[in-house]
1. Hey, can you grab everything whose amide H is under 5 Å from the amide H of L195? Only 5+ residues off in sequence or another chain; H modelled, so Pro and N-termini drop out.
2. Given L229, I795, F325, which one lies farthest toward the positive end of the charge dipole of the chain, if we put +1 on the Cβ of every Lys and Arg and -1 on the Cβ of every Asp and Glu?
3. Quick one: of K613/K746; K303/K371; K231/K377; K231/K303; K127/K303; K127/K517, which pairs are farther than 26 Å apart, Cα to Cα?
4. As a check on your grasp of the helix formula, calculate [θ] at 222 nm for the chain: sum -39500 (n - 2.57) over DSSP H runs of n ≥ 4, divide by the residue count, round to the nearest 500.
5. Could you please state how large a percent of the accessible area of the range 674-771 is carbon and sulfur, counting protein chains only and using a 1.4 Å probe?
6. Can you give the percent of C-alpha pairs in the range 1-195 whose distance is more than 19 Å?
7. Which one, (1) 0.97; (2) 1.03; (3) 1.06, gives Rg/Rh (Cα atoms, Kirkwood Rh) as derived from the coordinates shown?
8. Less than 11 Å Cβ to Cβ from H294, Lys/Arg counted +1 and Asp/Glu -1: what total charge do the surrounding residues give?
Amino acid sequence: MDTNFVGENLGPGKLGHFFVILFFVAALFSAFSYFRAAKTEADAQRSVAWLRLARNGFVIHAAAIFGMFLTLYYIIANHLFEYHYAWEHSSRALPMKYLLSCFWEGQQGSFMLWAFWHSVLGLVVMKTSKGLESRVMSVIALVQVAIATMLLGFYFGPDVKVGSTPFMLLRHAMANAPIFQQANYMSFIKDGNGLNPLLQNYWMVIHPPVLFLGFASTLIPFAYTIAALWKGEYQTWIRDTRIWALFAGAVLGTGIMMGGAWAYESLTFGGYWAWDPVENASLVPWLTLIAGLHTLIIYKATKRSLPITLILLSLTYLLVWYSTFLTRTGVLGDTSVHAFTGEGKSLYWHLIVVILVLLVLVLGLLFYRWKTLPRVKGEEESSSREFWMFIGSFVLLLSSLQITISTSIPVWAPLAKWITGKEIAPPVDPVQHYNSIQVWVAIIIALLSSAILYLRFKASDGKKVWRRFAGLGSVAFLLTALIGYTQKINVPQYTVLLFASVFAVVASFYYALGIQKKLMKMGPAVSHLGFGLTLLGILLSSFNKEVISFNTLGVTIDFGKKTAAENAKESRENVLLFRNTPVAMGDYLVTYEGDSTSSSDPRTFYKVNYEKKDSATGRVEEQFTLYPDAFVNPKGQQGLIANPASKHYLGKDIFTYVTQVLDPTKRTDTAAYKSYTVKKGDSIFLANGFVVFNDFEEPRYEQQTGNLSVKARLTVYDLTKEVGHLSPVYAIENNSYQSFQEDTLKSMGLYARFVKVLPDQNAVELQIRQTNPKDDYIVLKAILFPYINVLWLGIVVMVIGFFLSMYNRITKKEKLPQVLANN
């Protein structure tokens, strides 16, 4: 019985369970009521009554989700470690700013976040969808039911479990552990397991909410698509679907690139994109969404491409669920560095059931309506905008398929082996595998994204268009030649990509300012301009990415790679830095000056100083300090989890991170004190500088106690400049006992003692000790990324373009077809 256990606070857990059940029941009630409202539309009075019930149910379900959030936050913030979720994902030492990150580290919290955004967006749709409300909201509420089942934690018999509740007690999650046989087990639970060190970063506070908002927002175009198929009416859904598709494209795109920025600033990928399966899983729905958005525009303008639009918008949301399956069930295994693993295996069949239900819903409605879908007879003109927009959308679809198939190798490889008897493994070099194909996709899309701006729907003036292309192409060609020459881009496919990116930038920029001119109508041109800048930034920052941390000491460093060749390559690209020993690295002289820790932060910060000198005069032209940090032996485990530090310039970034450090538990100090007799102005020479004895400070004498203290003033220099001061103290206590207080200068690893006054020699005796540089070291990797700010600028511009288009759609009054206007 729960009452037998001492120290548990069961109230929040019971309240949380109540909110979970209320969430499920209210969402189910709302879905059923909305369905009945749609089915009884012929009877207005009955339909309105069902609609009122459905809205109330949806509001209650949203309130339940909010209650779940507050309850779980209370449990985490108050360190109620009797609850498994709080114990598994938080600790007392965790800074307050990272408490929210505990929500989405685990499966249940991320599902709660997903459901929260669905409910917020659903409330907006409930107020704006008008005639399609009952059908659109039926779909949204049904999806919420599916997510609610992920949080129920109900058992049907000993083997069937539906969902996993975030409010489970620790003693229930680990029922077989002997400690939970004791009524006072809480007296032994002093702290939680803590947040994954990789997630203890400010990006992890803001990146997951934005990304999940992007995922959640793809539900709305999906719901409108289902509603249109359900009703069999394909005109009134266009405006709202287009607005929501633009919103989803902007937010999901932002979330994806925030993940790239997180990887760049906080992970040791050596960049912002590594074609990791989790990255791919978020990118693919965005690609199909963009494809569907453009075919929807085609349908709006020409009444063509409706079937493919319905398929693409439906496929986008199905792919969101498939990405959830890939990243949360453990099927990716070791192919991803940040997918959920063991704890997600129980979701395997649960997620398959949800995906199958949604797939059957889509295929059933498409099959039912296929023959009656509006179509336009005849082929499009090859000079028309819709023709090339369709080609671009189709290329995006093919791109999505290639990424999905390659990412899903761990899923289908066992079946392929069973059929063919051959083992199929994921690509050894994912970056090369994907880049070799996707570079051509980028070229085609870059050219089309800018070219279609100058085409008209149904037919274009060929001569006028080609004249403009010739002028814009000439400018792009000259800029390509200039950039290619200065950046040494000479690989054929990347030279073509450079031209395509530059052409996209030039053509979109000219269209926005030279032709369109009205800001509110510049959305397409601005977003396409941002896309061109993004591709240009990716190319410039990646093609000439340069490792500057070359190992020139001839020391082989063991990185634990699978092959000797891989280890040798990694060893060549990492520099060994002994403390206070300058090493040449690119244009810089780099010095590791020591580390520092704080009781309030589990990380260790490593101070690395960079100096750039004029080769002729020796004058320091530039100096800066970076502080890459790392979790050393996190959670008691041997190892290192590093966070990079970067120096940002307008035209480049210097990206650095620590790859190895001396284990603090094995650090020794082999240096010994040496005695020196010095007079005022004398110098003591060190391995990397010297110390000057300046003088004494005024002695302090206490007559009552007979205590006398004298402080020496020392100035410390390295090989080029003054670096600090030392003030060791010599003391006489009770007129007889002699003592001293040493002083230290950590940047030089220097310790000084004032041990004796020699009045007959007008001198003093000092003892100096300087740590052996080999007693403390780090291994550092540094990469130069040229023009990476072009990439970040492109992302910002592209997102602005999405929101401009969205605002234009919202404020523009659409003209309904005459048949609908008369009804």
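The values are calculated or read from the model by the stated rules, or taken from the named source; none is laboratory data. Please read these numbers as outputs of a predicted model, since none were measured by experiment. Backbone-built Cβ (ideal geometry, glycine too); neighbour counts: all protein chains shown. Just the protein is used for accessible areas: all its heavy atoms, side chains included, with ligands, DNA and RNA removed. Shrake-Rupley method; radii C 1.70, N 1.55, O 1.52, S 1.80 Å.
1. Hits under the 5 Å cutoff: S91.
2. Value computed over the given set: L229.
3. K127/K303; K127/K517
4. -17000 deg cm²/dmol
5. 45 percent
6. That tail contains 62 percent of the Cα-Cα pairs.
7. (3)
8. For residues surrounding H294, the net value is +2.
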